[in-house]
């Protein structure tokens, strides 16, 4: 009998606890404001429990009925099929589990500076179109994102004391830890900055466009699944895999003694006074520096720093040899990274263009032109129209030529260019301006 009384007392106790809990939750009256359902918490603040609107862009109000909105409840923004842009105000200090989830068209999520300090695992869940994410200054623990594999850039407030973002990638504030590389980022190659000593677990997880990652020797620790669900080649600065990195590198293809950037392949076009350098895009490069060789100092000196894939040097001397170089660099959060080598190239400018003079009578045309320094001879060309296709008329050593092959009723245009012999072959200079009769 005694045992039955004890058992009955326990049953009554648990029944009372359940009833009290139910009463506590049931006491919160649900209100509506526009498309929001909300409750007023004990501290006289608002918790949004559901958004039922169909707007494409939503700015959550910081106050409702004069009370600050401090909590976004679990699944409050769940299944919003039309939502594309969502902004959460700085008044919010807590996002409950899956507060933003299953929004198939959501592209942009902005959490403004304010009270929010941490986001629990899976608060942002299954937003498969999400491209950009902006995080506030008070965030102390980085967000976990699940099935948000299209993110291209994460921006962290510059006032944040724990994290820093650069070019969409998230680092610790001291730049020693690489925290998060957006899986939808379009770059195919990434250079880990030299300040980084640790790459966090899952940092590059599902980075679908990434084909190569350069890892400097400064990195001492990599989370074992840092490159999970990728097909990257790891370009490692060192000559062998350190024991501490062996689990992270396995089973990836690793290239040792790697440079962060390749050397560009340079092609040249030239005139008597200009040289134009053109080169291929170097994977991962932000820009390029062009150099010219100084014969006096016997060193390459900077001419220009450009982001484009070509550079024109003007004001050069005709028929003169010059040396140029092009070197790639990449901007990183901890400073510029330079290719180990220059692409060096020697160019000789063309012979100068002669100045041509033309006189004619009924039976002949007399051509003369200025002497070109370094010329072996000259080639004369003609055409019936100024911008047509010119044909070779004669090759001469002197600076004049007379042609009797003309018809007085026709029009003629003439050009002359000099040439010189280099290793037994003719190297031609610039054409003169066309002169007609």
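What follows is calculated from the coordinates using simple rules that are stated; it is not laboratory data. Keep in mind that this is a model prediction, so the values were computed, not measured. Note: ideal-geometry Cβ built from the backbone for every residue, glycine included; neighbour counts use all protein chains shown.
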- Note on the structure: Across 365, 60, 265, the residue with the highest GNM fluctuation in the chain (Cα network, 10 Å cutoff) is 365
- Note on the structure: For 356-362, 317-323, ranked highest to lowest by mean beta-carbon neighbours within 10 Å, the order is 317-323, 356-362
- Note on the structure: In deg cm²/dmol, rounded to the nearest 500, the helical mean residue ellipticity at 222 nm of the chain, built from -39500 (n - 2.57) for every DSSP H run of length 4 or more, is -2000 deg cm²/dmol
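At a Förster distance of 22 Å, what's the computed FRET efficiency of residue 395 paired with residue 422, Cβ-Cβ distance as r, to 0.05? The partial results should precede the final answer.
On the way: r = 17 Å, r/R0 = 0.76.
The calculated FRET efficiency here is 0.85.
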- Computed E for residue 433/residue 276 - FRET, C-beta separation, R0 22 angstrom, nearest 0.05: 0.60
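Please arrange 401, 378, 293, 180 by how many other C-beta atoms lie within 10 Å of their C-beta, fewest to most. Spell out each step's value before the answer.
Working: 401 19, 378 27, 293 16, 180 24.
With the fewest neighbours first, 401, 378, 293, 180 line up as 293, 401, 180, 378.
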- Item | Cα pair distances in segment 185-258, grouped into 10 Å bins until the bin that holds the longest one, percent each | 21, 62, 17, 0
- Spatial separation of Cα centroids for segment 288-313 and segment 394-437, in angstrom: 35
- Item | Globularity ratio of segment 24-161, using Cα Rg and 2.2 N^0.38 Å | 0.99
- Message: If a paramagnetic tag sat 7 Å from the Cα of residue 310 along the Cα-Cβ line, which residues of segment 247-271 would have the backbone N under 12 Å from that point?
- Response: 267-270
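Can you work out the FRET efficiency for the pair residue 63 and residue 341, with r the C-beta to C-beta distance and R0 = 56 Å, to the nearest 0.05?
On the way: r = 60 Å, r/R0 = 1.08.
The calculated FRET efficiency here is 0.40.
Neighbouring Cβ atoms within 10 Å as the yardstick, rank 296, 262 fewest first. Don't jump to the answer; show the numbers that get you there.
Working: 296 5, 262 19.
Going from least to most buried by this count: 296, 262.
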- Message: For the chain, take N as its residue count and report Rg(C-alpha) divided by 2.2 N^0.38 Å.
- Response: 1.64
- Relative to the longest principal axis of the C-alpha atoms of the chain, give the angle of the C-alpha long axis of helix 2-26, reported between 0 and 90° and rounded to the nearest 10°. 50
- Item | GNM result for the chain, Cα springs below 10 Å: residue of 226, 330, 244 fluctuating most strongly | 244
- Between 29, 224, 147, which gets the highest mean-square fluctuation from a Gaussian network model of the chain, Cα cutoff 10 Å? 29
- Which of 127, 80, 98, 383 comes first, and how do the rest follow, when ranked by fewest Cβ neighbours within 10 Å? 383, 98, 80, 127
- Contour minus Cα-Cα distance for residue 129 and residue 244 (0.36 nm per residue): 37.8 nm
- Query: Share of antiparallel DSSP beta bridges in the chain, in percent to the nearest 5?
  - Reply: 65
- Query: By DSSP, what percent of the beta bridges with both residues in segment 128-236 are antiparallel, rounded to the nearest 5?
  - Reply: 30
